[in-house]
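Peer 1: Quick one: structure below, then a few questions.
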Amino acid sequence: MSTISMDTLKGLVKRDRSPSAFVVYFYLWSRKGGSVSHQEIADATGISKSAVQGAIHLLNRRRLIRTVHASPTATPVHHVVRR
């Protein structure tokens, strides 16, 4: 079983001051891939859809995840890059 680096988690909460990014990253890590909508993440984690969108943006910017869209309206697939 792979583990998440503590430096990665500390950076999300301390440096970025984004607990929602921490929660979304952990949720995506535990899912092991697959397509998931922002609303599904929001429902599963209990945070708002707009907070999920901000967290996804932050995680992509920090290159902790990679988001792939098959088409502009397709449900995105998020891949955890660092574990």
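Peer 1: Assuming a ≥ b ≥ c are the square roots of the Cα gyration tensor eigenvalues, decide whether region 19-83 counts as rounded (a/c under 1.5), prolate (otherwise, with a/b larger than b/c) or oblate.
Peer 2: Rounded is the answer for region 19-83, as its axis ratio a/c remains below 1.5.
Peer 1: Full extension from residue 6 to residue 49: what is 0.36 nm times the residue separation minus their Cα-Cα distance, to one decimal in nm?
Peer 2: Extra length available between residue 6 and residue 49 comes to 12.9 nm.
Peer 1: When only DSSP loop residues count, what chymotrypsin sites (Phe, Trp or Tyr not before Pro) in region 24-53 have their Cβ near at most 14 other Cβ atoms within 10 Å?
Peer 2: The qualifying sites: there are none.
Bear in mind that the values in this text are calculations on the coordinates, not laboratory data. Just so it is clear, the structure is predicted and the values come from calculations on it, not from any experiment. Ideal geometry is used to build each Cβ from the backbone, glycine not excepted, and the neighbour counts take in all protein chains shown.
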